[in-house]
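Working notes, structure below.
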Amino acid sequence: MRLILLGPPGAGKGTQAEIISENFKVFHVSTGQLLREAVRKSTKIGKEAENYMKRGELVPDEIVINILISKLKEDNIGQNFILDGFPRTENQAIGLDKELKSFGKPIELVLYFNTSDEVAIQRLSGRRICSKCGANYHIVNRKPRIEGKCDKCNSDLIQRDDDKPEVVKQRLKVYKKQIEPLLDYYNNKNIVEELDGNKKASKVFLEVEKILEKRNLVR
Ligand code: AMP
């Protein structure tokens, strides 16, 4: 299956992507995570992207399209993947389609997690990530086994700079500007399914499973 997850920051896209990826053995790609890794390693892309990310702005399309396409090619995952955090603009969607067309493997489904600002803000303010491997936690909804430590690699958990309230406000503003054109773009292809992103992750996943079955995407 080739899926795109859309929704505001805090909609639970990363969490659902992880669950889908584990259950159906599909590769999960998060452009936010790829960019954070580039920033951590201080690569050329990381240096270019860092200031945009700190401000809660979108990183320019060209940079993000390149980083995503290289990842898709590097991992040879033309058949199956879940994109989380990409595309964020219509231009990115067009760029992705062009690339996939050359493999004859179009996007099959877009899951749109419609989520209220209140819920998104509550999730983002409590989110913690591993400073080393980037795994996601939440101080209430998804506690690590040992407080402040990553279950996977035991490194320290930190709050993302862009999960702080002033930046979250900006990220939600940017999201609201971009979502309608993106939804229009994919609605024209009849591949969008909307879900209630305010529900608990386990409930949302039950809905996701139903949609995947209905659309014949689970084999
Ligand atoms: P995320 O982890 O998806 O919340 O992304 C964190 C930040 O990375 C965003 O606020 C943007 O600055 C940047 N970013 C991630 N994905 C994209 C994208 N597809 N286009 C532009 N910027 C992105």
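Here are a few things to note about the model shown:
- Sole exception among (1) farther than 27 Å from N51 by Cα; (2) outside any helix (DSSP H, G or I); (3) in contact (Cβ under 8 Å) with a residue 24 or more places away in the chain for V208, by number: (2)
- All conditions in (1) hydrophobic (A, V, I, L, M, F, W, C); (2) within 14 Å of the ligand (Cβ to nearest atom); (3) open to solvent by less than 30 Å² (accessible area, probe 1.4 Å) hold for I121, with the sole exception of (3).
- Residues of region 157-172 classified as touching a strand residue (DSSP E or B) at 6+ places or on another chain (Cβ under 9 Å) and in a helix (DSSP H, G or I), total: 1
- Of the candidates K105, K98, K143, the single residue that is in contact (Cβ under 8 Å) with a residue 60 or more places away in the chain, open to solvent by 40 Å² or more (accessible area, probe 1.4 Å) and over 19 Å from the mean Cα position of the chain (by Cα) is K105.
A quick yes/no check of all residues on (1) at pLDDT below 95; (2) more than 8 Å from the ligand (Cβ to nearest atom):
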site: L3; (1), (2): no, yes
site: A17; (1), (2): no, yes
site: E22; (1), (2): yes, yes
site: Q33; (1), (2): yes, no
site: L58; (1), (2): no, no
site: D61; (1), (2): no, no
site: L72; (1), (2): yes, yes
site: P87; (1), (2): no, no
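- Pairs, first within 20 Å of A93 (Cβ to Cβ) in region 31-58, second away from the ligand (no atom under 11 Å from the Cβ) and basic (K, R), C-beta under 7 Å, six or more apart: L34/K71
Rundown of residues vs (1) of a type in the set (A, V, I, L, M); (2) in contact with a Gly (Cβ under 9 Å, 6 or more places away or on another chain), yes/no style:
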| position | (1), (2) |
| --- | --- |
| L58 | yes, no |
| I65 | yes, yes |
| L72 | yes, yes |
| F86 | no, yes |
| N91 | no, no |
| G95 | no, no |
| K98 | no, no |
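- Region 149-182 - residue that is farther than 25 Å from E118 by Cβ and free of Cβ contacts under 8 Å to residues at least 12 places away in the same chain and, of those, least open to solvent (accessible area, probe 1.4 Å): K149
- Single residue of region 1-30 satisfying the filter (in contact (Cβ under 8 Å) with a residue 60 or more places away in the chain and in a loop (DSSP other than H, G, I, E, B)) that is nearest to N187 (Cα to Cα): G7
- Residues within region 38-56 that are open to solvent by 50 Å² or more (accessible area, probe 1.4 Å) and within 11 Å of the ligand (Cβ to nearest atom), tallied: 5
The values are calculated or read from the model by the stated rules, or taken from the named source; none is laboratory data. Since this is a predicted model, take the numbers as computed values, not measurements. Backbone-built Cβ (ideal geometry, glycine too); neighbour counts: all protein chains shown. The area values use the complete protein model at the heavy-atom level, side chains included, leaving out ligands, DNA and RNA. Shrake-Rupley method; radii C 1.70, N 1.55, O 1.52, S 1.80 Å.
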